[in-house]
Amino acid sequence: MTTPTHEADGAQPSAEGGTAHGTLRAALAALGWSAAVTAAVVALGYASYRWAATVNPLQPLPGSPWPYLATWGVLCLACCLLLRWSTGFKGVDGAAQAVGALAFAGIRISLAHRPDLALLWTYGALALAPAAVAAVFWRLRHRS
């Protein structure tokens, strides 16, 4: 008796040992996970902005919160995708909580102090650049 192969469904083995369908499925799952974490963080950030208008400790400055929420949403999504990619789309226990807590803290502080958006993007890019280098190094080192 022979074992079934992946040739029947047209899937080609990838360089990482899985099939093309399996890798695509894992990538889409990672994208969905990252989008869900980002949406939750942005929703909590907006809710805290609305809440802070009625109660202290951080009284937000007047103006639209959406440029700051969008900036932190993009940075959070990039961090989540980078983290999932570096682990081979498997994820790490507590990753959503860690990324979410950092992004939420950034949203709260940004909405309370309203730094220049160019400065916020610059600091975000400066933080993501070494993280991306570390993720590439980690992925190459732990490739099985």
- [ ] Just order 118-130, 32-44, 86-98 by mean Cβ neighbour count inside 10 Å, highest at the front, would you?
- [x] 32-44, 86-98, 118-130
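If R₀ is 22 angstrom, what is the calculated FRET efficiency for the pair ALA47 and ASP116, using the beta carbon separation as r and rounding to 0.05?
0.35
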- [ ] List, in order, the whole-Hz ³J(HN,Hα) value for each residue of region 115-132 obtained from phi through the Karplus relation with A = 6.51, B = -1.76, C = 1.60 and θ = phi - 60°; use x for Gly and Pro.
- [x] x, 5, 5, 4, 5, 5, 5, 5, 5, x, 5, 5, 7, 6, 4, x, 5, 5
Task: Length added when fully stretched, ASP93-TRP66, from 0.36 nm per residue minus Cα-Cα - done: 6.7 nm
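Coordinate-derived values only; no laboratory data. The structure displayed is predicted, hence computed values, not measured ones. Virtual Cβ from ideal backbone geometry, glycine too; neighbours counted across all protein chains shown.
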